[in-house]
Structure formats: structure tokens, C-alpha cells
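Working notes, beginning with the structure itself.
The values are calculated or read from the model by the stated rules, or taken from the named source; none is laboratory data. Because the structure is predicted, anything quoted here is derived from the model rather than measured. Cβ placement follows ideal geometry from the backbone for every residue including glycine, while neighbour counts extend to all protein chains displayed. Surface areas here come from the heavy atoms of the whole protein model, side chains and all, with no ligands, DNA or RNA. Shrake-Rupley method; radii C 1.70, N 1.55, O 1.52, S 1.80 Å.
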Amino acid sequence: MSSEPSIFFSDVNERQGSFLRRTFVLGGLTTLGGLALTARLAQLQIIQAGQYATMASNNQFNFRLVPPPRGRILDRGGVVIAGNRPSFRVLVVRDETKDLDQTLDLLGRLLPDTMDRRRSIIREVNAAPRFSPVPVKSDLTWEEFARVNLYANELPGVMADMNEARYYPFGGAFAHVIGYVAKPNDRDIKAIEDRGEQVPEILYNPGFRIGRQGVEKSFDTDLRGEAGGTRVEVDARGRVVAEDIGGSRPAEPGKDVVLTLDADVQNRALEVFGEESGGCVVMDIRNGDILCMVSAPSFDPNLFVGGVPSHIYNALRDYERKPLLDKAINGVFHPGSTFKLTTSLAILEAGVNPEERVLCTGGYRFGSRTFRCWKPGGHGPQNMHDAIKNSCDVYYYAMCNRAGVDKIQEVAKKIGFMQTYDIGVGNQKAGTIPSRAWKANYNRNNPNPESRVWFPGETLSVAIGQGDVNVTALQLAVMVSRFANARKAIVPRLIRSVGGVDRPSGADVPDLPFSREHLEIVRQGMVAVANDVTGGAYRQSQLGLGDIQMAGKTGTAQISSYDRRASRKSSSVGWALKDHNLFVAFAPVDEPRYGIAVIVEHGGLAGSTAAAPRAREIMRTALLKDPELLERIQRPPPPAPQASEAEEETFGVAPEDPDGVVAPPVASEPPARGRVRSATSGPRPYLSEPPR
């Protein structure tokens, strides 16, 4: 039998003292606990009452961001070229569905096309924040919208509403210049983080869109606006039970961006290109405003707003005419004979007399090689005016090394090439104009020393816009606009205003560093191209707008060798091997207003066949849109002067004394091959009427 352990006190007072100590300790601990509890309650109820009231309210109310209406993009006349439209959509909230797969199965019966995107929908829903609605399909028809609402009770976590979607009313006409919008992706988030910036919370909203390419991308921050939000009451499971109107904040729309483009000119340009590939730029030569910047073929940016299907994107990407490439600013081409305007100016700046003649017999022997003119039989004696009018290659072969390749590059830079322009749109190519230093740098890693030496024979190809000369349609438009202006180094302007604040004019620039006389000589050659009956583009340059005339220059850029083919016109030449077709021009001749550059990629032989007729139609639209020029066109012609009786008798009759007329000198023998002096000198008068 075991016994319980016992404690024996030898003294009653000792036992009583031990009890009192334990009572005191326990009482003290109880008192301290009470004081601590009282202090904590006082802190919670008095000191931190506001903080915990806010936390309790936040548990009851959620603030959900609302994407703002995106700012509009307008043309120069206020026509909306990128706006917003109402759109019915259906959304899914993952946390409110009992079974996501079952919900999508039921939804697929109502909207069969959602089954094609099932995997991507599940991926987007799982990646979305809790209780955040994810769009499953946008742009529902009224019948689809009504059908979803009819079965809403059988679709937990599914809702249908109306929101604003980005809309491009002109389809592909402005696709390259304004771009499009799309959902932010992981690369966008990472790019912001790499810049050390805080990622805006609105970017995680499944319905938010950001700019891709063009104006939409460059001015994305201005176009976004400020996100708003709705304050909603939720239950313990986070489901919305009510909306607190007073606690909601309206979204602030983005700023409007007004462009210098003209919707009518832009649409006409894409229309006249038809199935052809290329680019076109039209500029106001007075202030640099770009009225048209088209790349063809184009694509419909509306397809990209909700996410373009992969098979459509692959078709656009793989098409040989490259509809996704912006051929106005990002595609580079050999300028062909349009570059002869720049070469002519370089030759003049080098001190060459423009009346010095070169005999064109169809070819030019340089070293061991014969460089052919485009006209096999030759043009005969040519001065600079004739060489521009007839686009004589031999003249430039003979004269180009009088200036040298470095001088040609120097003039080319000053006239607008080898540079990009701050027009508010990136993704521009600077192109190439070679020089001795350029070649040495380009081949710096080549062990052969001769590869870094520029040879005079290479200048011959540069002079006619071939070889390593590569330019963009925008640069060609700048070149022709500077020739037409003849005073200012005009720069292009695409953005007129942002949020009502005007952008600087393209006319606020220095003067051109060229002689006015030299510029006039080149301009006279352009006038002859389009208005002399023997000019290279006479028939294709007649505008039919009263007394308004156009001056221009054709160009053909060869992109492959024809040594093994019967002819450059051979039907065996496929599209990708045909020459590029170019035309640059300005109008009116007497009071220049607009400059244009047209490139038809693989358009065929001769710039007058494909590019010039299209440039004429686009220029007509620009001229007819100008109120001042329209008034001039519609003005009745002045009455013909009344001839006197004496004049009527002798009009059109040869003089009675033919011996009194001095006949022009006739050469007794053909001029020697090479350069000969002309009997006349000085610039030709500025033509206002076609020579007869």
C-alpha cells in the first residue's frame, strides 16, 4: 500500500507564510493581467479605433478599379480615326463559380465559338486576381447578349455587361501610323520594372488595353487617362452584394491626340494602291505637316483589339508583300532616278556648269566596264536640265566624280536623307548614303585592305540611286518638300496637338544651306519631267485641275541582275524580282503647296508606269481638299484677249522676209563623244505652261 507524499511543516507560522506568498504572487499576476487587458482594450477601443474601423470597413467594402475611356485620335479636320464604341461582353469570376470547367461547358452551349479559346480562357481566368471578372468574349450580338442573360441563373460566376472597346472606323487606312491596342503581357510588366518604375495596378485589370505600335504606343500614357473605381459591399466570401455610389470615383478619360493627317487623302492613297505594295507620304511644304502616310498592303487593326487568332496573324506575317511592315518609315528602298535630284544638287555645289553637255550614246565606258543608260540608243547631248527631264544615266555617270561620293553624301544629309525625324512615331529607319568613311567602317573587320577603299567606279551607282543607297518614303517626301520650298529645311510634323496643346511647326527650322539658283535649276528639271511633252512623266502628271500643274521626277530601282534574262520587261520575271517604281513631285508649280513621294515595291519597269499615276490621283485629292486651291480650280478662266486687225491678218503666218530671221546654228558634224559645251548658259525660266 503506497502512501501519498506529504509536506510537513515544523512550524505553523512557516506554513502560513508560504500560503501568503503564493497568494500575493497570484494576485499580483492577476492584477497585471487585468491592467494589461484594460490597456489593450483601451488601445483598441480608443487609440486605434479609427484604424480598425477602417479595416473592418475594407473587409466589408472593396474598391475595384475601372479602366478609363481611352483618348481619341483625330485627323486634322476633327474626324475620329481611333475612338471607342459600346461593346457587349460576357465575363467569368473564378471565385464565384462552383466548377470552372462545368461553367465553361454550359457557356459553350450558348456561345459555341468560346470552345475554340477554352484553354486560353482558363489560363487568363486562373491568372486574374481574386474576384476579378475576366472577359471571355467581347462584341456579342444582341441575340448572344440576351441569351446569356436569359440563362444567367444557371451560370454561377458568369455575367454580361456593356463596356467601351477601341474602334478604328477606317480599318487599314491608318493601321501602320496609329497602330492598335492590346492586352498588357508579361514583357510589358517586366519592361516597367526594369526601368525602376512602379507597375500601375490598372495594368492587371483583364479589360485594360495598352498601345502597340504607332501613335497608340508613343502616346500611350496620354491616351490612357486616369483609372476610376467602384466601391462595392461584399459578403464574407467576397461576393458583391451592393455598390456604394458615394464611395465610387469616376474614371478620367485620356487626352485626345490630333494628327496632321487628312482622312480623305489617306483613304484615297490606300485605295489607289489596290493590290500593290509600297508606301506614300504627302507633306505640306510650307510647315511640314504630313497629310498622308500610308503603307500598303495594310491590315485591319480592329482584329488585334480582342486578340487576333494565330492563323490570321500567321497569314499576315508570311504574306510576301508584308502587310505588317510600315513601308513609309520602316521599309528602305533604292531610290533609283529620284536620287538624281540630290546628285544634281551635289554636282552644282561642286562648281559644275549646268549647261555643260555630255553626249549620251546609250552607255558610258569607265575602266574595263560599260555602264548602260536606260535608253539603249542614248539621249544625245545632255545638259543638266535635259538630264533631269530625260533621266539620262550617262550624264550622271560622267559628272558624279566631279563632285565625289563624299560631297553627294554631304548634300544628301542636308536635303533630308540618313536621319530619322521626331514625328511622334518610332520604328524609323535612317537608311544609307555611302561615302569613303562609311565603306571603311562598314568593312572594318574585313582582312582585305582593298575592301575598305572607295573606288570612283562605285560612285556611278550611287549617282543614280543604286548600289548601297537606301532611303524611306518619308525621307523622299522631305527631299522633294525642301526642293519645293527652296528656302527652309522643312521637317515633317505628324502630331498637331495633344490634349489641346499644340506641337511646334515644322517650319521653325534653319534655312537650306544651298544656293537658290542651284535649287531652281533642279526644280526646273522637275517641271520639265511632268510638263514638257518629251518629259518622262508628261502623260501621267496632267492633273486636269485648271491651270494647276505638277512637277516631278520618276525613278526605277533595279533589285536583281537581268544578265540571264531576255528583258527587264520579260513576263518570266516574278513579282519579287521586278524593279521598284518611284515618283516624287510637288504642286502647284507656280505656288508650291504639297510634296509627295510614292514607292511601288516591285511595280515594274519605269517610274511612270505605276508610281506616277498613283501620285497624280493622291495629289489631286490633296489639292481639292485645300479651300484656297479649290477656289482657284473652280474660278472661270479669264477671257481671251481680243486680237487687233493687223494681228489677225498675220497670226500664224511666216514673216515676209525670212532673211531677217536669225536661224539657230547647225552643227556641221556630230559632237565628239564626251562632254561638249552648250551654246547657252544660265538657268532656264520657271515654266508655268507646258512647252509646245
(message) Could you check the spin-label model distance between Glu164 and Arg635? Points 7 Å from the Cα along Cα→Cβ, value in nm.
(response) 4.6
(request) Please list, in chain and number order, the residues 5+ apart from Ala165 or on another chain whose amide H is under 5 Å from its amide H, with Hs placed from the backbone. (result) Arg85, Ser87
(request) Scan around Ala82 for amide H atoms under 5 Å from its own, H built in the peptide plane at 1.01 Å from N, and keep only partners 5 or more places away or cross-chain. (result) Ile73
(message) How charged is the neighbourhood of Lys553? Take every other residue with its Cβ under 12 Å from the Cβ of Lys553, and add Lys/Arg as +1 and Asp/Glu as -1.
(response) +3
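Residues with beta-carbon under 11 Å from that of Arg452, excluding Arg452: net charge, scoring Lys, Arg +1 and Asp, Glu -1?
Once all neighbours under 11 Å are counted, the net charge is +2.
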(request) Obtain the nm distance between the two label points defined at Asn126 and Asp99 by a simple spin-label model: each point lies 7 Å from its Cα along the Cα-to-C-beta direction. (result) 1.8
(request) Given the peptides 175-183, 118-126, 544-552, arrange them by the average over their residues of other C-beta atoms within 10 Å, most packed first. (result) 175-183, 544-552, 118-126
(request) For the stretch 249-302, just run the numbers: alpha carbon Rg, then divide by 2.2 N^0.38 Å, N being how many residues it has. (result) 1.50
(message) Out of the total accessible area of the stretch 59-213 (probe 1.4 Å, heavy atoms of protein only), what percent is carbon and sulfur?
(response) 50
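Ordered by packing density, taken as the mean number of other Cβ atoms within 10 Å over each peptide's residues, highest first, how do 202-209, 408-415 rank? Intermediate results must be reported in sequence, preceding the final value.
Numbers: 202-209: 19.1, 408-415: 22.0.
In decreasing order of mean packing, 202-209, 408-415 become 408-415, 202-209.
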(request) Rank-order 295-306, 184-195, 527-538, 138-149 by packing density, defined as the average count of other C-beta atoms within 10 Å over each peptide's residues, highest first. (result) 527-538, 295-306, 138-149, 184-195
(request) Mind giving me the FRET efficiency for Asp547 and Glu617? R0 is 30 Å, r the Cβ-Cβ distance, nearest 0.05 is fine. (result) 0.95
(message) I need the calculated FRET efficiency for the pair Asp590 and Tyr442, taking r as the beta carbon distance and R₀ as 45 Å, to the nearest 0.05.
(response) 0.55
(message) Can you compute the FRET efficiency between Leu41 and Asp508 using 1/(1 + (r/R0)^6), with r the Cβ-Cβ distance and R0 = 56 Å? Round to the nearest 0.05.
(response) 0.20
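What is the extension gain from Asn149 to Leu106, computed as 0.36 nm multiplied by their sequence separation minus the C-alpha to C-alpha distance, in nm to one decimal?
Values: separation 43, 0.36 × 43 = 15.48 nm, distance 1.31 nm.
Result: 14.2 nm gained on full extension.
What fraction of the Cα pairs in the stretch 445-584, stated in percent, has a spacing above 27 angstrom?
So the pairs more than 27 Å apart make up 45 percent of the total in the stretch 445-584.
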(message) Check which residues have an amide H placed less than 5 Å from Gln549's amide H, if you skip close sequence neighbours.
(response) Val589, Asp590
(message) Could you compute the net charge surrounding Gln540? Neighbours are other residues with a C-beta less than 11 Å from the C-beta of Gln540; K and R count +1, D and E count -1.
(response) +2
(request) For the stretch 260-339, with all protein chains present and a 1.4 Å probe, just round the carbon and sulfur fraction of the accessible area to a whole percent. (result) 51
(message) Below 22 Å, Cα to Cα, which lysines can Lys413 reach? Residues fewer than 8 away in the same chain don't count.
(response) Lys327, Lys340, Lys429, Lys439, Lys488, Lys553
(message) Can you compute the modelled spin-label distance between Phe366 and Leu20, with each label point 7 Å from Cα toward Cβ, in nm?
(response) 12.4
(request) Could you give the size of the charge dipole of the stretch 138-233 about its Cα centre, using +1 on the Cβ of each K and R and -1 on the Cβ of each D and E, expressed in debye and rounded to the nearest 20? (result) 300
